[in-house]
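Visitor: Quick one: structure below, then a few questions.
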Amino acid sequence: MEAVRAVDSVVDKLPVIEVRDAIKRYGVGDASIFALNGVSLTIEAGEYVAIMGPSGSGKSTLMNILGALDNMTSGEYFLDGIEISSMDEIHLSIVRGRKIGFIFQSFNLIPRTTAIANVELPMAYQGVKTKERRERALVALDVVGLGDRINHEPTELSGGQQQRVAVARALVTRPALLLADEPTGALDSKSTADLLDLFDQINAAGRTVVVITHELDVAHRAKRIIRMRDGKIVSDELNKERVA
Amino acid sequence: MSVFEIVRFAIRGLFTNRLRTFLTVLGITIGVASVIILLAVGNGSSKAIQASLDRLGTNSLQVRSGGGGFGARARASASSQKPLTILDAAALMDKTQAPDILQVAPIASTNGTCVVGASTTTPSTFYGTWPAYYKASNTSIQSGSYFTNDDVTQGRRVALIGQTTATALFGTTSPIGQTMRCSGIEFTVIGLTTVKGASGFQDGDSLVLIPITTMENSITGNQPLSSIIVEATNSKTTDAAQTELTTILDARHGISGRKTADFSVFNQASLLTTASTSSKTFTTLLGMVAAISLLVGGIGITNIMLVTVIERTREIGIRKAIGAPKGAILSQFLIEATILSVLGGALGVLVGFIGSHFTIAGTKPVIVPASVFLAFGVSILIGVFFGGYPASRAASLRPIEALRHE
């Protein structure tokens, strides 16, 4: 029994993200540019991490690699214990669907498609049954406070509401990781506050949240702040305001 | 991800761009419909030629004045030409010299205007002949009676008229027993011929037939015949009949040795064979035009699908980011293209069938069944192949590239 518990605790402690020596290089020879120049990073389950840095620091490249949207030149990446770095496109699409929930600066909802249909979409690609899909989408939209807007198309929703639909869509597949790329970049301060409160709730419920941002106040809501510059991590510290 | 689901996505994709969908479908519809209709017109015209071939029978020969050619030589020898006369026609009825000739009908023709009260008409066919003409030319009457050999001998002023002429002169009242004035001579209408319909641009029912003697005595004088129709005893003896009539007419016109014949014999069957060959060429040309329009429709689908993919690149990126597998994206766009082409093809077949019910350029179209399957099949193949290329391009996009697309 002791041994079983020990194994269990190892499994529990399996990091959500483990990146080793990630390099992303554009171009060849002398003209090549390192967008990521040897990044190693471990994020445990349940963490709330902000990745900060000026433009050109490599934070967006890192986000694309963490989200399995782009491949790296060299290095290893384990997502929820699965090695992503050597995976083919077919399996990557499954990983993206099941393990990651994306939130983008520009919301990226499917145009001319209702909120509920947008939220149902990732489940459709996973083969969830229509009825269950509907129920889960309704719950997710309710959680983000849009239970009364389910049949609105993106153009009929405000920026803040669109981003909350995107959050509902990201959460509905119960991903291991919620990955947000400048999520407040296109929002006013009120919507920003609402969204950050929503992130707090999601993290409090045990979900791992990684936010890429260049805004200090957004980063300061996270429990851990990683700063990048020139393709490298320059600092990685707990946010003392949030972590006792 | 079920097939049903992907089909739903595809249909939704088509519905969000209604105008574009409509125009693409229209392109394919026009392509398919034109293939079907144009081939049907071509087929209809060969069928019509075939029908007149059957109707005429292959045992009919026509003799006309003049040599075979229209060149300078034919004109130069015009003075020495002997015209065809009613005596020539009579000579051909010699059973011993021409055992294969069944009957002979001389035709004298004129251009005249017929008048009844205030109504006038100019029949496109105004012939003087005798009763052998009826069978040789496949003319019958729907009411009244034929003029007889006796009418011809007596030179009576009686006439058979066609439906168009009857309507022009007498309206809806029966023309039988009425009188009309043609080229200044009064005729009693004794018969109304059966409707023949139009052949080419000529209305076969704009017709006046009178005894040849009446025409020569009262209207034209001793003008040469315009032609002589000769009917062989059966279709196998047509060639023998042609030889016999040539021999008789050569003797009568003093044609021998190097002297060029001053008459020509037209074999209806061979004329129609020529017509049927040119009709086949016509059909082929029409088919090619139609095939090009179908191809253009196909290029339309490719174009639309390319534009759709480019315009929706970002959407494809989003779909991929939330877990859409390559197959699902590929299927969605492929199904969109297939729906466009099947819909366009089906509508095209429908329009083709409807369009083929109308008479086009004087031809009643007859649908070629193979053209329907061909056009429909080609439209679907075009949709799948030409739609497949943009679809696979869309599916192979890396999500990050697709998402960056504005």
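Values in this text are rule-based calculations from the coordinates and carry no lab data. What you are looking at is a predicted structure, and each value in this text was computed from that prediction instead of being measured. FYI the Cβ positions are ideal-geometry reconstructions off the backbone, even for glycines, and counts take in every protein chain you see.
Visitor: Any idea what angle helix B:268-311 forms with the longest principal axis of chain B, computed on alpha-carbon atoms, 0 to 90 degrees, nearest 10?
Guide: It is inclined by approximately 20 degrees.
Visitor: Here is a further query. Along the positive direction of the dipole of chain A (beta-carbon charges: Lys, Arg +1; Asp, Glu -1; about the Cα centre), which of A:A166, A:V39, A:V234 reaches farthest?
Guide: The Cα lying farthest towards the positive end belongs to A:A166.
Visitor: Shifting gears a bit: Quick one: 3J(HN,Hα) in Hz for region B:227-239, Karplus 6.51/-1.76/1.60 with θ = phi - 60°, rounded, Gly and Pro as x.
Guide: 6, 10, 9, 10, 10, 7, 5, 7, 5, 7, 9, 4, 5
Visitor: Determine one quarter of the surface area of the Cα convex hull of region B:58-269, which equals its mean projected area, and express it in nm² to one decimal.
Guide: Dividing the Cα hull surface by four gives the mean projection, 12.6 nm².
Visitor: Something else about it: Along the Cα-to-Cβ line of B:F353, 7 Å from the Cα, sits a label point; which residues in region B:381-402 have backbone N less than 17 Å from it?
Guide: From region B:381-402, the list is empty.
Visitor: Could you work out the helix-only [θ] at 222 nm for chain B, with each DSSP H run of four or more residues adding -39,500 (n - 2.57) and the total divided by the number of residues, to the nearest 500 deg cm²/dmol?
Guide: -18000 deg cm²/dmol
Visitor: Using amide H atoms built in the peptide plane, which far-off residues or other-chain residues are under 5 Å from B:F266 H to H?
Guide: B:Q62, B:V63, B:R64
Visitor: How high is the FRET efficiency between B:T96 and B:V296 when r is their beta carbon distance and R₀ equals 51 Å, given to the nearest 0.05?
Guide: It comes out at approximately 0.15.
Visitor: Within region B:153-188, find all residues whose amide N lies under 18 Å from a label point positioned 7 Å from the Cα of B:V195 along Cα-to-beta-carbon.
Guide: Once the point is set 7 Å along Cα→Cβ of B:V195, B:161-176 turn out to lie under 18 Å by backbone N, inside region B:153-188.
Visitor: Hey, what do the phi angles of region B:161-177 turn into as Karplus ³J(HN,Hα) couplings, whole Hz, using 6.51/-1.76/1.60 and θ = phi - 60°, x for Gly and Pro?
Guide: Couplings: 10, x, 4, 5, 5, 4, 5, 5, 8, 10, x, 8, 6, 5, x, 5, x Hz.
Visitor: Please rank A:S86, A:S158, fewest neighbouring Cβ atoms within 10 Å first, as an exposure proxy.
Guide: Neighbour counts put them in this order, fewest first: A:S86, A:S158.
Visitor: Please tell me which of these pairs span more than 23 angstrom C-alpha to C-alpha: B:K82/B:K259; A:K232/B:K320; A:K131/B:K326?
Guide: From the list (B:K82/B:K259; A:K232/B:K320; A:K131/B:K326), the Cα-Cα distance tops 23 Å for A:K232/B:K320; A:K131/B:K326.
Visitor: Tabulate in residue order the Karplus-calculated ³J(HN,Hα) for region B:140-145, using 6.51 cos²θ - 1.76 cosθ + 1.60 with θ = phi - 60°, rounded to whole Hz; enter x for Gly and Pro.
Guide: Ordered by residue, 3J(HN,Hα) equals 9, 10, 9, 8, x, 9 Hz.
Visitor: Can you compute the charge dipole magnitude of the protein assembly as shown about its Cα centre, using +1 on each Lys and Arg Cβ and -1 on each Asp and Glu Cβ, nothing else charged? Give it in debye, rounded to the nearest 20.
Guide: 720
Visitor: Could you pull out which residues in region A:70-96 have an amide N less than 15 Å from a spot 7 Å beyond the Cα of A:D21, following the Cα-Cβ vector?
Guide: Label zone hits: A:73-78.
Visitor: Where does each of B:R404, A:R134 land when they are ranked from fewest to most other beta-carbon atoms within 10 angstrom?
Guide: Ranking B:R404, A:R134 by Cβ neighbours within 10 Å, fewest first, gives B:R404, A:R134.
Visitor: Quick check: the angle from helix B:326-355's long axis to the longest principal axis of chain B, C-alpha only, nearest 10 degrees?
Guide: 20
Visitor: Cα to Cα, under 25 Å, and not fewer than 8 places away if on the same chain: which lysines meet these conditions relative to B:K47?
Guide: Cross-link targets: B:K135, B:K196, B:K236, B:K280, B:K364.
Visitor: Please report how far the C-alpha centroid of region B:119-161 lies from that of region B:323-378, rounded to the nearest whole angstrom.
Guide: Their Cα centres are 52 Å away from one another.
Visitor: Next question, about the same structure. With a 10 Å Cβ neighbour count serving as the proxy for reagent exposure, in which order, fewest first, do B:T120, B:T85 appear?
Guide: Lowest to highest Cβ neighbour count: B:T120, B:T85.
Visitor: To the nearest 20 Debye, how big is the dipole of region A:81-204 about its Cα centre, given +1 on the beta carbon of each Lys and Arg and -1 on that of each Asp and Glu?
Guide: In debye, rounded to 20, region A:81-204 gives about 460.
Visitor: When the helix-only estimate is applied to chain A (DSSP H runs of n ≥ 4, each -39,500 (n - 2.57), divided by the residue count), what is the mean residue ellipticity at 222 nm, nearest 500 deg cm²/dmol?
Guide: It comes out at -11000 deg cm²/dmol, rounded to the nearest 500.
Visitor: Taking H placed 1.01 Å from N in the peptide plane, check which residues at least 5 places from A:I103 or on another chain put their amide H under 5 Å from its amide H.
Guide: Correct list: A:L179, A:A180, A:D181.
Visitor: Further, regarding this structure: Please identify, among A:D148, A:D200, A:D21, the residue showing maximal mean-square fluctuation in a Gaussian network model of chain A using a 10 angstrom Cα cutoff.
Guide: Top of the fluctuation ranking is A:D148.
Visitor: On to the next question. Can you give the average number of partner chain beta-carbon atoms within 10 Å of each beta-carbon in peptide B:322-334, as a whole number?
Guide: Across B:322-334, the average partner-chain Cβ count within 10 Å equals 5.
Visitor: Can you list the residues, at least 5 places off or on another chain, whose amide H is less than 5 Å from the amide H of A:E47, using H built in the peptide plane?
Guide: A:V209
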